[in-house]
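For reference, the structure is listed below as structure tokens.
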Amino acid sequence: MIPDINLLPRVDKRQSASKNLYILLTIVVLLLVAFFAFQYFKIRGEIAHLRSEEQQVIAERNQLQEELDSMTVNTGSLKQSIEFVETISYPVSPIIDETIRLQTGHSYLREYTFDAKTAEVTMDFETLSDIANYLSRLTGSAYFQDVQVSSIEHFDPSDREEEKDTTNFNEIPRYEVVFTLFINQQYLAAGGVE
């Protein structure tokens with residue numbers, strides 16, 4: 001008979017389970033360390049890039065500030081500013097009143113705009129002869145040095161879709177005219193009296 005001799009030490013199953021746990025924890029810790037190292041180097045690179053961009057922006061800001069400082073601006077005094085505004089400002093109500101007073105029958109003021117030397121008036125007329133009549137009245141007015149017709153557009157006042165396809169003899173097509181009026185500053189400053 002052969003004797004049953006086992007020279008290998010007895011292994012508890014608890015030892016192998018704790019060994020597996022240590023191996024698993026070591027792998028998790030190594031993965032966490034690798035992740036944090038990767039994040040550290042990535043963020044460090046981004047910080048270096050942002051610092052270089054910051055230096056470029058600061059240099060550009062300094063250059064623009066130098067350009068702004070080198071520009072000479074004559075601000076003048078408050079009295080000079082008031083005199084300047086008074087010389088270029090003018091009352092607009094006499095001009096609007098004059099354009100309305102000179103209107104022919106069945107013409108309508110649509111809109112107007114002003115700048116320092118001109119006024120632009122948009123009006124609606126029924127006929128071309130009304131436009132010519134109004135233009136001659138404006139030319140004869142002392143409020144304006146020159147009058148120009150900027151545009152004449154033909155439009156149909158009907159907004160109904162069913163009538164656009166058919167000819168409607170009850171409505172007369174109209175003309176939208178834009179006039180550019182060159183203002184007579186001396187006459188206007190004198191209050192409409194020469």
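All of the numbers you see were taken from the coordinates with simple rules; none came from a lab. Please read these numbers as outputs of a predicted model, since none were measured by experiment. Glycine also receives a Cβ, built like all others from the backbone with ideal geometry; neighbour counts cover every protein chain displayed.
Annotation: extensible slack from Glu83 through Ile58 equals 4.9 nm (criterion: 0.36 nm per residue apart, minus Cα-Cα distance). 3J(HN,Hα) along segment 54-71, derived from phi through the Karplus expression 6.51 cos²θ - 1.76 cosθ + 1.60 where θ = phi - 60°, amounts to 4, 5, 5, 5, 5, 5, 5, 4, 5, 5, 5, 5, 5, 4, 5, 5, 6, 6 Hz, with x in place of Gly and Pro.
Rounded to 0.05, the FRET efficiency of the Thr127 and Glu67 pair, given R0 = 35 Å and the Cβ-Cβ distance, is 0.05.
Evaluating 6.51 cos²θ - 1.76 cosθ + 1.60 at θ = phi - 60° for every residue in segment 25-40, the Karplus couplings come out as 5, 5, 5, 5, 5, 4, 5, 5, 5, 5, 4, 5, 5, 4, 4, 4 Hz, glycine and proline recorded as x. If the chain linking Gln148 and Leu50 were pulled fully straight, counting 0.36 nm for each residue of separation and taking away their Cα-Cα distance, it would gain 29.4 nm. Translational diffusion coefficient of segment 18-69 (Stokes-Einstein, Kirkwood radius from Cα pairs, 10 °C, 1.306 mPa s): 110 µm²/s.
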